[in-house]
1. Taking the condition of being within 14 Å of ligand 2 (Cβ to nearest atom) and crowded, with 18+ Cβ neighbours inside 10 Å, how many residues in the range 62-79 meet it?
2. What about V113, is it within 16 Å of ligand 1 (Cβ to nearest atom) and crowded, with 21+ Cβ neighbours inside 10 Å?
3. Just to be sure I understand, how many residues within the range 1-21 are in contact (Cβ under 8 Å) with a residue 40 or more places away in the chain and either open to solvent by 70 Å² or more (accessible area, probe 1.4 Å) or of a type in the set (D, E) (or both)?
4. Among the residues of the range 10-61, write down those that are of a type in the set (S, T, Y) and within 8 Å of ligand 2 (Cβ to nearest atom).
5. Name the residues in the range 54-71 that are within 14 Å of the chain's Cα centre (by Cα) and more than 11 Å from ligand 1 (Cβ to nearest atom), would you?
6. Do you know which residues across the range 22-53 are open to solvent by less than 50 Å² (accessible area, probe 1.4 Å), in a loop (DSSP other than H, G, I, E, B) and more than 8 Å from ligand 1 (Cβ to nearest atom)?
7. Kindly provide the set of residues from the range 130-168 that are open to solvent by less than 30 Å² (accessible area, probe 1.4 Å), touching a residue at least 60 places away in the same chain (Cβ under 8 Å) and either of a type in the set (F, W, Y) or on the phi > 0 side of the Ramachandran plot (or both), ordered by number.
8. Let me confirm something: among K3, K19, which residue is basic (K, R), at negative phi and at pLDDT 95 or above?
Amino acid sequence: GNKNINAKLVLLGDVGAGKSSLVLRFVKGQFIEFQESTIGAAFFSQTLAVNDATVKFEIWDTAGQERYHSLAPMYYRGAAAAIIVYDITNQASFERAKKWVQELQAQGNPNMVMALAGNKADLLDARKVTAEEAQAYAQENGLFFMETSAKTATNVNDIFYEIAKRLPRV
Ligand code: GDP
Ligand code: MG
């Protein structure tokens, strides 16, 4: 039979990497060129049908600023999944993503499904982080990796779909 799964999902990553834009694309099918910075965190929900289940994602889009760092555990604690987002045109955002992965590995739910999103994949001319480097890092750390673009919608539904497929079927 078909199962209904509720899954708490958190987006983490540097300010400006495109967390809110990925959520807006996934939930509303929209993109805003001048997306406002998130204050604290924002909540969204979206349902996705996979083969054997209907997954309702309860999505926490966090701010990413260092001054909100102490709030992050409230959002990733108990989360079934996390998307760690960096901007392929910004090396520092990739380094920041690795820090989030370390924190989740140390403090997060051990069964958490973790995805690494190299966002702004439409900005190829400005690329600073290669897909090979990110893929190798993801593989070593047990994440799955996709390059995404909230702007063009490339791989946005796909990354949520891949997470939905990997969630434990209780
Ligand atoms: P957040 O701080 O991680 O939530 O990042 P935002 O979603 O607020 O995005 C920061 C800026 O990057 C905004 O101006 C977005 O329009 C832009 N942006 C987000 N995703 C993409 C993308 O995939 N491609 C391009 N070209 N710009 C993007
Ligand atoms: Mg934001």
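1. Number of matching residues: 5.
2. Details: within 16 Å of ligand 1 (Cβ to nearest atom): no; crowded, with 21+ Cβ neighbours inside 10 Å: yes.
Spelling it out, it is not the case that V113 is within 16 Å of ligand 1 (Cβ to nearest atom) and crowded, with 21+ Cβ neighbours inside 10 Å.
3. Of the range 1-21, the ones in contact (Cβ under 8 Å) with a residue 40 or more places away in the chain are 2-21.
So of that shortlist, the ones also either open to solvent by 70 Å² or more (accessible area, probe 1.4 Å) or of a type in the set (D, E) (or both) come out as 2-4, 6, 14.
Summing the residues that are in contact (Cβ under 8 Å) with a residue 40 or more places away in the chain and either open to solvent by 70 Å² or more (accessible area, probe 1.4 Å) or of a type in the set (D, E) (or both) in the range 1-21 gives 5.
4. Residues satisfying the conditions are S20, S21, S37, T38.
5. Filtering the range 54-71 down to residues within 14 Å of the chain's Cα centre (by Cα) leaves 57-64.
The answer is F57, E58, I59, W60.
6. G29, G40
7. Correct list: F160 only.
8. Working: K3 fails: at pLDDT 95 or above.
The match here is K19.
The values are calculated or read from the model by the stated rules, or taken from the named source; none is laboratory data. Just so it is clear, the structure is predicted and the values come from calculations on it, not from any experiment. Note that we place each Cβ from the backbone using ideal geometry, even for glycine, and neighbour counts take in every protein chain shown. Surface areas here come from the heavy atoms of the whole protein model, side chains and all, with no ligands, DNA or RNA. Shrake-Rupley method; radii C 1.70, N 1.55, O 1.52, S 1.80 Å.
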